Every structure is written in C-alpha cells, then in structure tokens.
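Working notes, beginning with the structure itself.
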Amino acid sequence: MGKLVRTISQDGGILCCAMDSTDIAYRSEQIHRTSAVVTAGLGRLLTAASMMGCMLKGEDNSVTLRIQADGPAGNLIAVSDSRGNVRGCVDNPVVELELNQFGKLDVSGAVGKNGMLYVVKDLGLKEPYVGQVPLVSGEIAEDITNYFAVSEQIPTVCGLGVLVNPNLTVQAAGGFLVQLLPGASEETIARLEENVRSLEPVSKMLANGSTPQQIAFRVLDGFAPQVLDEFNTEYRCDCSRARVERALLSMGRGELEDMAQEREVTQVECHFCEKVYSFTSKDLRELAKN
Ligand SMILES: [Zn+2]
C-alpha cells in the first residue's frame with residue numbers, strides 16, 4: 001500500500017502533500033517490465049498523478065497526465081482517481097541510456113525535452129478540463145511545477161523520485177507537492193524555499209525510513225503543520241470486459257465484422273494492467289449487433 005498524507009500550515013496558507021509511492025512504482029515495473037530509466041520516468045508521473053488526484057473534489061473525478069515529447073520512451077500516461085489510486089502506461093517500456101551528468105537515471109533523455117504535458121481532469125461535467133504546457137525539462141517534477149504556475153496560477157514546488165535496484169525492481173519512490181495559497185508573505189516564501197532546498201532527494205529519505213508525514217513536516221518546518229487527511233493508495237486498474245466492449249464498439253461495426261472474419265479468437269490487452277480479454281468471432285458478431 002502506498003501512503004499519501006496532506007498537511008497544512010497552522011495559518012492555512014501552505015498546503016503540502018507527500019507520498020510514499022514505492023508500491024505503486026514497484027507494481028508498474030512488474031507490469032510493464034520497464035528499463036530503469038523508464039521505471040523512474042513513469043514512477044514519477046504516477047506519483048504526481050496520485051497527489052493531483054487527491055486534490056480533486058468529487059468522488060468520481062479523475063485526472064490524467066500525459067507527456068508527449070520527442071524522447072525514445074514515447075508517450076507516458078498516468079491516471080488517478082480522487083483517492084490517489086493510479087495506473088499508467090508508456091509507449092516504449094525499454095529504453096537504455098547512459099546515466100546523466102549527475103550520475104542519475106537520465107529521465108529527460110528518455111522522455112524528451114521538447115514536448116507537452118497535458119493535464120485532463122474529469123470533474124463530472126459535460127466537458128473535461130484540459131490544461132497543457134510545454135515541457136521545461138522532461139524531468140517531470142519541474143514540468144509539474146511549471147504546469148501549476150502557468151496553467152493554474154498556483155505557486156507550487158514539486159519533488160519526485162524513484163530509486164531503482166540493480167535488479168530493476170523499485171527500492172523506493174515518492175514525492176511531495178507544496179502549494180502556496182494567495183497572500184503569502186515574502187518571509188513565508190523565503191523560508192519555504194530554504195526548507196525545500198535543504199531537503200534530501202525524496203526517494204532517498206523514504207529509503208532511509210522517513211514517512212510521508214515526516215517529509216511533509218520537514219517541508220513545512222517552522223509553519224506548525226497539521227495533518228489534514230491521509231490516503232492509502234495503490235496501483236489500480238478499473239478495466240472490465242464491459243469497458244473493453246465499449247472500446248471495441250467505438251471502432252465501428254464494420255471493423256468488428258472484419259475482426260470476427262479474420263480470426264476465431266481476438267485478444268485485447270489492457271494498456272494499463274496487461275490483463276487480456278478474449279472475444280470469439282461469435283462474441284464480436286453479437287457485439288456488432290448492438
Ligand atoms: Zn486494466
């Protein structure tokens with residue numbers, strides 16, 4: 001189980017969300033069999049989506065983060081519900097790159113530096129909310145920070161990290177998202193910046209046993225933080241046979257007839273959890289009648 005905590009400064013002016021997404025990133029690697037650098041990239045995006053999901057107001061709301069850029073990994077997608085349960089996928093799970101100049105996994109090399117971050121919020125309205133910003137670095141945390149500044153006009157700092165073991169499993173993953181409500185003083189901003197600057201990488205803190213609450217309280221050090229709420233989060237796909245049928249139907253009846261003609265059994269794999277749904281020719285023809 002992942003753990004996400006939301007905290008607030010005593011004066012109510014600063015919100016800080018922090019999470020341990022180790023289990024989520026671990027599961028994502030197990031499903032998609034990603035190489036280390038893609039594990040880190042997708043793990044970071046899943047973590048950001050989860051924290052943004054928990055900010056949604058409505059129970060049935062969801063948020064989708066999609067990065068479309070010029071790196072070899074192709075598109076990265078992460079979808080979260082309003083309880084921080086996430087799922088994700090990537091076009092090319094295996095990308096091998098040298099470590100970057102800091103000796104770290106070169107996430108921006110895999111994701112690309114030129115491209116867009118799309119944020120789609122399904123708030124239960126007729127049309128979803130769609131925000132989009134050009135990538136600033138492809139390292140993802142900075143891109144999320146930039147998204148909030150540009151698209152939602154909320155001063156934000158985001159930190160994300162994924163530590164990958166030599167055997168390619170995930171050792172630790174997590175992140176924090178701190179946001180200033182309007183009217184923050186210069187002093188508050190300076191103190192907060194200092195707190196964030198002095199922070200170790202979040203994945204390292206988690207690997208050393210820090211809890212999300214301890215991380216959030218360090219970010220809000222000096223602001224008498226309190227816990228707002230906590231969520232148990234997990235990698236969760238809500239695919240079902242009915243959903244796959246709807247997706248098939250959206251391809252059109254002619255296409256379904258063709259598929260039924262071509263093979264006895266058509267298998268459809270879910271991009272997010274790789275569960276396989278089988279449809280016989282008869283199933284497809286039945287579906288096409290709808
Ligand atoms: Zn699925």
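The values are calculated or read from the model by the stated rules, or taken from the named source; none is laboratory data. Every value quoted in this text rests on a predicted model; they were computed, and no experiment measured them. Note that we place each Cβ from the backbone using ideal geometry, even for glycine, and neighbour counts take in every protein chain shown.
Do we find that residue 85 is more than 22 Å from residue 146 (Cα to Cα) and within 12 Å of the chain's Cα centre (by Cα) in this structure? When the stated conditions are applied, residue 85 passes them.
Are there strands (runs of 3 or more DSSP E) fully within the stretch 81-173 with at least 1 residues that are more than 26 Å from residue 55 (Cα to Cα)? List them.
Numbers: elements: 86-90, 115-122, 129-134, 156-164.
It comes to 156-164.
For the stretch 62-76, the tally of residues that are more than 19 Å from residue 151 (Cα to Cα) and in contact (Cβ under 8 Å) with a residue 60 or more places away in the chain stands at 1. Does residue 96 meet the test of being in contact with a Ser or Thr (Cβ under 8 Å, 6 or more places away or on another chain), surrounded by fewer than 20 Cβ atoms within 10 Å (Cβ to Cβ) and among the acidic types (Asp, Glu)? In short, yes. Among residues of the stretch 194-204 being more than 24 Å from the chain's Cα centre (by Cα) and without any contact (Cβ under 8 Å) to a residue 12 or more places away in the chain, the one that is surrounded by the fewest Cβ atoms within 10 Å (Cβ to Cβ) is 198.
Please work out which residue is nearest to the ligand (Cβ to nearest atom), limiting yourself to the stretch 66-82 and to residues that are farther than 18 Å from residue 173 by Cα, touching a Ser or Thr at 6+ places or on another chain (Cβ under 8 Å) and not acidic (Asp, Glu).
Pass one, the stretch 66-82, residues farther than 18 Å from residue 173 by Cα: 66-75, 81-82.
Retained after the next criterion (residues that are touching a Ser or Thr at 6+ places or on another chain (Cβ under 8 Å)): 71, 81-82.
This time we only want the ones that are not acidic (Asp, Glu), so: 71, 82.
Numbers: 71: 25, 82: 19 Å.
Going through the qualifying residues, I end up with 82.
Where residues in the stretch 247-266 are in contact (Cβ under 8 Å) with a residue 12 or more places away in the chain and among the polar types (S, T, N, Q), which of them is nearest to the ligand (Cβ to nearest atom)? Step through it out loud before you land on a result.
Just the residues of the stretch 247-266 that are in contact (Cβ under 8 Å) with a residue 12 or more places away in the chain, to begin with: 247-249, 253, 256-257, 259-261, 263-266.
Now drop any that are not among the polar types (S, T, N, Q), which leaves 261, 266.
On the way: 261: 27, 266: 17 Å.
So, considering only residues that are in contact (Cβ under 8 Å) with a residue 12 or more places away in the chain and among the polar types (S, T, N, Q), the one nearest to the ligand (Cβ to nearest atom) is 266.
Across the stretch 227-271, the qualifying residues are those that are basic (Lys, Arg) and in a helix (DSSP H, G or I), and the one among them that is nearest to the chain's Cα centre (by Cα) is 243.
Among the numbered conditions (1) among the charged types (D, E, K, R); (2) outside the structural domain of residue 14 (by TED's automatic domain parsing); (3) in contact with a strand residue (DSSP E or B) (Cβ under 9 Å, 6 or more places away or on another chain); (4) more than 16 Å from the ligand (Cβ to nearest atom), the only one that residue 229 does not meet is (2). List, please: which pairs have Cβ atoms under 6 Å, are six or more places apart or on different chains, and start with a residue in the stretch 205-228 that is free of Cβ contacts under 8 Å to residues at least 40 places away in the same chain and end with one that is of a type outside the set (A, V, I, L, M, F, W, C) and assigned to a helix (DSSP H, G or I)? Listed pairs, sorted by first residue: 221/195; 222/191.
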